[in-house]
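> The following block contains the structure, expressed as C-alpha cells.
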Amino acid sequence: DRDVFAFDPDTLAPKPVPHFAQVGTVLFNMAVNPLTGMLYVTNTEALNSVRFEGTGVHGGSTVRGHLVETRITVIDPLTGTVSPKHLNQHVDFSQFSASAHAGSKPHSLSNLRHLVVSSDGQKIYAAAMGSAKVAVFDTADIEDANFATNFDPTVKSSQYLDVGEGPSGVALDETHGRLYVTTRFDNSVRAITLSNGSSETHAMHNPESAAII
C-alpha cells in the first residue's frame with residue numbers, strides 16, 4: 001500500500017526514501033512545511049477491515065456510523081515516518097441517532113481537500129468540503145506525537161472558520177492578512193480577513209441553468 005512517492009525534481013530519480021505507505025485510503029492534497037520540510041496530506045481512511053452494514057447484531061461488526069475517518073497524515077521525508085491524525089476523535093461512533101451527535105457536529109470535519117501552510121510554518125489552513133469550514137490548525141498540534149491524547153476538537157474547533165458550502169480550495173495572502181476560499185456549491189470566492197474573521201463573498205459566473213444547479 002504505497003501512497004506517496006518522492007522524486008528528484010531535476011532527474012525524476014527516486015529520493016533516498018522513495019515512497020511512503022499507510023498514508024490513507026483516498027488522498028486529496030499535500031502541502032510542505034516551508035521551514036521543517038514536513039509533509040501534510042489530507043485524506044480519508046476507509047474501515048475496509050470492518051465487515052457488514054446494518055446494526056451488526058448478526059454479523060458481529062458494522063461500519064454503520066463509522067465508515068471512514070477524516071485525517072491529516074504527517075510524513076517526515078527524511079526518516080520516512082508516517083503519522084496519521086484522526087481529526088474527529090471526539091465523536092462517539094457507537095451512537096447512531098442524530099440526537100446523540102448534535103453536540104459533536106460543530107466540532108467535526110468532513111472531507112478535507114486543499115490545504116496551505118503559513119510561511120512561518122506554524123499554521124495549516126485546510127478546506128473541509130463536507131463541513132462548510134476552513135480548519136485552522138497549529139502545526140505543533142498536528143505533529144504532536146501524543147495527538148490522540150492532547151488534541152481536543154471541542155476546544156480546537158474555536159479556530160475553524162465558517163466559509164459557506166463546499167469549500168474546496170484555499171489561498172493565503174499573508175501580506176494583506178487574507179484567506180481566499182473557493183466554495184463550490186455556490187460557485188463563489190470568500191475573502192476572509194484573518195484578524196477579525198470578517199468575510200466578503202464574490203460570486204463567479206455560472207452558465208448552468210437553475211434546474212441543473
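The values are calculated or read from the model by the stated rules, or taken from the named source; none is laboratory data. The shown structure was predicted, so the numbers you read here are calculated from the model rather than taken from an experiment. Cβ coordinates were reconstructed from backbone atoms using ideal geometry, including for glycine residues, and neighbour counts include every protein chain displayed. Quick note on the areas: whole protein, heavy atoms, side chains included, nothing else; ligands and nucleic acids left out. Shrake-Rupley method; radii C 1.70, N 1.55, O 1.52, S 1.80 Å.
> What figure, in Å² to the nearest 10, do you get for the accessible area of ASP10 with a 1.4 Å probe and non-protein molecules left out?
140
> Also, I was wondering about something else. Could you work out the local net charge near HIS86, counting Lys and Arg as +1, Asp and Glu as -1, over the other residues with Cβ closer than 15 Å to its Cβ?
That sum, taken over residues with Cβ under 15 Å, equals -4.
> If I compute volume of the Cα convex hull per residue in Å³ from the structure I just sent, which labelled value in (1) 178; (2) 128; (3) 149 lines up?
(1)
> Given a 1.4 Å probe and the protein chains all in place, what does the accessible area of MET30 round to, in Å² to the nearest 10?
100
> Let me ask something additional. Determine the distance separating the Cα centre of segment 39-116 from the Cα centre of segment 130-162; give it in Å without decimals.
14
> With the chain treated as a Gaussian network of Cα nodes joined by springs under 10 Å, which of LYS105, LYS156, LYS15 yields the largest mean-square fluctuation?
Looking only at LYS105, LYS156, LYS15, the largest GNM fluctuation is found for LYS15.
> Sticking with this one: Which one of LEU35, LEU27, LEU115 has the biggest mean-square fluctuation once the chain is modelled by GNM with Cα springs under 10 Å?
Per the Cα network of the chain with a 10 Å cutoff, LEU35 tops the list.
> Between ALA145 and HIS202, what FRET efficiency comes out of the Förster formula 1/(1 + (r/R0)^6) with R0 = 41 Å and r the beta carbon distance, rounded to 0.05?
It comes out at approximately 0.50.
> Return one quarter of the surface area of the convex hull spanned by the alpha-carbon atoms of segment 89-168, equal to its mean projected area, in nm².
5.8
> Here's a follow-up. What does the accessible area of PHE7 come to, in Å² to the nearest 10, when a probe of 1.4 Å is used?
Rounded to the nearest 10, the figure is 110 Å².
> A further question follows. Between segment 1-30 and segment 168-213, what is the C-alpha centre distance in whole Å?
Computed from Cα coordinates, the inter-centre distance equals 31 Å.
> May I ask you to list the GluC sites (Glu not before Pro) in segment 1-98 that are in a DSSP loop and have at most 13 other Cβ atoms within 10 Å of their Cβ?
Those satisfying the criteria are GLU53.
> Right, another one. Name the aspartates and glutamates eligible as straight-distance cross-link partners of LYS123: C-alpha to C-alpha under 19 Å, and not fewer than 8 places from it in the same chain.
Leaving aside aspartates and glutamates fewer than 8 places away in the same chain, those within reach of LYS123 are ASP76, ASP138, ASP141, GLU143, ASP144, ASP152, ASP162, ASP173, GLU174.
> Name the residue, out of HIS101, HIS114, HIS90, whose mean-square fluctuation peaks in a Gaussian network model built on the chain with Cα pairs under 10 Å.
HIS101
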